[in-house]
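Structure first, then comments.
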Amino acid sequence: MAKDLSPKKYIETYVRKLPIYKCYVNKDWDTAKMAHIFIMRKHSNGNITAGIYLVDMTCLGIKDTFFVFNESEISINEKFDLPNFHMKVVDYNLAHNIVFAAHDYALDYDIKPHSDFAVTKFILEEDDDNIPLIEITCGGPEGKPHLILQPGQFAKYKHVYDKLVKTLGKDNFYYTMEADMFNNMETSDDLDDSNDDEYTNIDDIPPGKLNMIAAKMLDISDLANADKTSNRSIQEIITLNIEFGLRVLKVKRKELFYSDEELENKSESEIYIEADQFPSWLTNDMMDEASEMMEHDIEAYAQFENDPNSENKLLQFDHERLIANFDKFQHNPYIIQLLYEKSVLINNTEVINLLKPVIKKLAFQYVSLKLEFALCTYYLNETDPAINYIIEGIDLQKIFPATEEFSDMELNIFSMLRLLVNIRNNNLKDAIYYYNLLADIEMETPMITILQMKFQEFILEPFKEVYQELTEEFGEEKMH
């Protein structure tokens with residue numbers, strides 16, 4: 001029975017029955033006040049399920065976390081470069097205490113852990129008296145919270161800053177924004193003067209994990225290094241190319257970027273700070289069904305991986321799979337939303353026509369589906385009087401004045417629509433704004449991948465000559 005569960009359900013239900021195998025933490029965790037922790041449990045088949053935790057002991061607690069499920073130790077070691085000079089094997093009790101000391105410290109200030117901790121906490125042992133207590137010092141100077149952010153992160157953590165100001169007062173916590181490498185730059189030479197301590201090395205990001213927000217944390221030399229970027233997936237290469245282009249534009253065309261003060265006054269900033277990840281109507285059962293569908297799709301499509309002559313068969317199979325999933329899950333509005341977006345992206349007219357009346361009906365109940373319908377209609381260059389006001393609107397709160405709270409998912413769909421509208425209207429400044437907002441929201445969908453391709457083409461011309469010049473300065477040839 002356990003083997004039929006999704007990885008998430010298995011972790012939530014069974015993983016604590018597996019023995020702890022190895023635990024890693026960075027050697028400087030106690031001085032850096034930032035811990036990268038790996039907790040590995042071993043299956044009876046020898047494979048590993050691991051929880052990975054980025055732990056900020058100065059303020060934010062569980063800043064990021066994810067899991068790797070039932071993979072070989074060799075695969076995990078290659079993916080995360082383990083063991084290495086910077087990491088050391090530690091006793092589980094120490095790793096556990098670091099995680100929960102930071103977690104509890106943050107909760108004292110009502111700073112909640114990363115949402116995925118709801119799953120990865122089960123890879124840890126229960127935090128009870130069975131775990132020997134080890135004293136872990138958290139906080140900054142004098143034990144006060146010290147909020148340390150990287151460039152571009154203020155919008156994401158502004159709610160934490162505001163909460164600390166409200167509950168403690170400005171004099172009772174510390175706040176540091178790491179220097180922005182692009183401030184006061186006049187020449188392209190300055191692009192190579194970044195402080196390496198503020199940025200992530202691309203080699204530290206496993207294949208498939210390099211998304212828009214991760215690209216923002218890379219040093220400029222990594223972005224311009226074809227040897228490091230060319231072995232990535234096509235989607236990751238597009239992400240890297242766009243990020244490099246935005247860095248160049250920020251130096252050469254500063255007027256194309258809103259100031260921090262302007263960003264704080266945008267309505268999307270308030271929505272983003274207050275939003276939960278998903279709308280309240282989206283239940284765990286709906287999401288579990290969606291995960292189940294996608295997992296079964298991956299297994300079903302695997303038969304075509306090694307067949308070079310399978311394109312027509314794959315298209316037919318894809319068509320049949322869409323209809324079968326609709327028949328099976330038409331009670332689930334979240335899956336209808338996902339299927340409609342996919343059918344639009346592959347331009348499957350038959351399935352679009354099958355789903356369109358369903359999603360139009362559901363749009364009266366769910367803001368996210370109304371936004372999805374507007375996005376897909378505009379993407380297809382079609383019009384519909386029922387949703388034209390959404391396509392023409394520029395303020396989500398004014399478009400839906402009766403809606404008191406929006407979710408990240410709704411803001412994500414709206415931002416994709418605005419990005420596409422601004423690309424088509426040749427409005428580079430607002431296109432850049434909505435692209436960066438999508439990166440901050442971190443809810444990637446197939447539509448975002450397509451929009452990235454359009455955005456890459458859109459921003460190419462404004463900096464083509466400068467881009468070429470800079471890549472040659474770094475000794476790499478990225479543009480052909």
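Each value in this text was obtained by applying a stated rule to the coordinates, not by laboratory testing. Small disclaimer: the values here were computed from a predicted structure and weren't measured. Cβ placement follows ideal geometry from the backbone for every residue including glycine, while neighbour counts extend to all protein chains displayed.
Which of the lysines could a cross-linker span from LYS79 if the Cα-Cα distance has to be under 23 Å and same-chain partners fewer than 8 positions apart are dropped?
Reachable lysines: LYS8, LYS22, LYS27, LYS42, LYS63, LYS88, LYS121, LYS209, LYS216, LYS228.
Under a Cβ-only charge scheme (Lys and Arg +1, Asp and Glu -1), can you give me the dipole magnitude of the chain about the Cα centre, in debye to the nearest 20?
1060
Taking 60 Å as R0, compute the FRET efficiency from the Cβ-Cβ separation of GLU73 and LYS429 and round it to 0.05.
0.80
Under the Karplus relation 6.51 cos²θ - 1.76 cosθ + 1.60, θ = phi - 60°, what is the ordered set of whole-Hz ³J(HN,Hα) values for the range 354-370, x standing for Gly and Pro?
Running phi through 6.51 cos²θ - 1.76 cosθ + 1.60 with θ = phi - 60° gives 5, 8, 4, x, 6, 6, 5, 5, 5, 4, 6, 9, 10, 4, 5, 6, 5 Hz.
What value, in deg cm²/dmol to 500, does the helix sum -39500 (n - 2.57) over DSSP H runs of n ≥ 4 give at 222 nm once divided by the residues of the chain?
The helix-only estimate for the chain comes to -15000 deg cm²/dmol at 222 nm.
For the range 129-137, in order, what is each residue's ³J(HN,Hα) by Karplus, 6.51 cos²θ - 1.76 cosθ + 1.60 with θ = phi - 60°, in whole Hz (x at glycine and Pro)?
5, 6, 9, x, 7, 10, 6, 10, 7
Given H placed on each backbone N at 1.01 Å, which residues far from HIS146 in sequence or on other chains put an amide H within less than 5 Å of it?
CYS59, GLY140, TYR174
According to a simple spin-label model (label point 7 Å from Cα along Cα-to-Cβ), what is the distance in nm between THR349 and GLU264?
Once both label points are built, they end up 5.3 nm from each other.
Quick one: if the Förster radius is 22 Å, what FRET efficiency do GLU12 and TYR92 give, using the C-beta to C-beta distance and rounding to 0.05?
That gives a FRET efficiency of 0.65.
Multiply the residue separation of LYS313 and ASP28 by 0.36 nm, subtract the distance between their alpha-carbon atoms, and state the gained length in nm to one decimal.
97.2 nm
I'd like the antiparallel share, as a percent to the nearest 5, of DSSP beta bridges with both residues in the chain.
Beta bridges within the chain, antiparallel portion: roughly 85 percent.
Going by average Cβ neighbours within 10 Å, how do the peptides 101-107, 272-278, 333-339 rank, with the highest at the top?
Packing proxy ranking, top to bottom: 333-339, 101-107, 272-278.
Provide the FRET efficiency to the nearest 0.05 for the SER291-ILE131 pair, computing r from the beta carbons and using R0 = 45 Å.
In this case the efficiency is close to 0.90.
Using +1 at the Cβ of each Lys and Arg and -1 at the Cβ of each Asp and Glu in the range 2-138, identify which of LEU107, ASN84, THR65 lies farthest towards the dipole's positive end.
ASN84
Can you tell me which of 370-377, 23-30 comes out highest on packing, and rank the rest after it, using the mean Cβ neighbours within 10 Å?
The packing order, highest mean first, is 370-377, 23-30.
Would you mind ranking SER269, SER368, SER44, SER415 by Cβ crowding within 10 Å, fewest neighbours first?
Going from sparsest to densest Cβ surroundings: SER44, SER269, SER368, SER415.
Order of THR31, THR239, THR229, THR403 from fewest to most other C-beta atoms within 10 Å?
Neighbour counts put them in this order, fewest first: THR31, THR403, THR229, THR239.
Just need the relative contact order of the chain here, percent rounded to a whole number, with Cα pairs under 8 Å and 6+ apart.
Dividing the mean separation by the residue count of the chain yields 12 percent.
Which of the peptides 251-261, 57-67 is most tightly packed, and how do the rest follow, judged by the mean count of other Cβ atoms within 10 Å per residue?
With the highest mean Cβ count within 10 Å placed first, the list reads 57-67, 251-261.
State, in angstrom, two size descriptors of the range 2-138 derived from its alpha carbons: Rg to one decimal place and Dmax to the nearest whole number.
Both quantities, over Cα of the range 2-138: 14.4, 43 Å.
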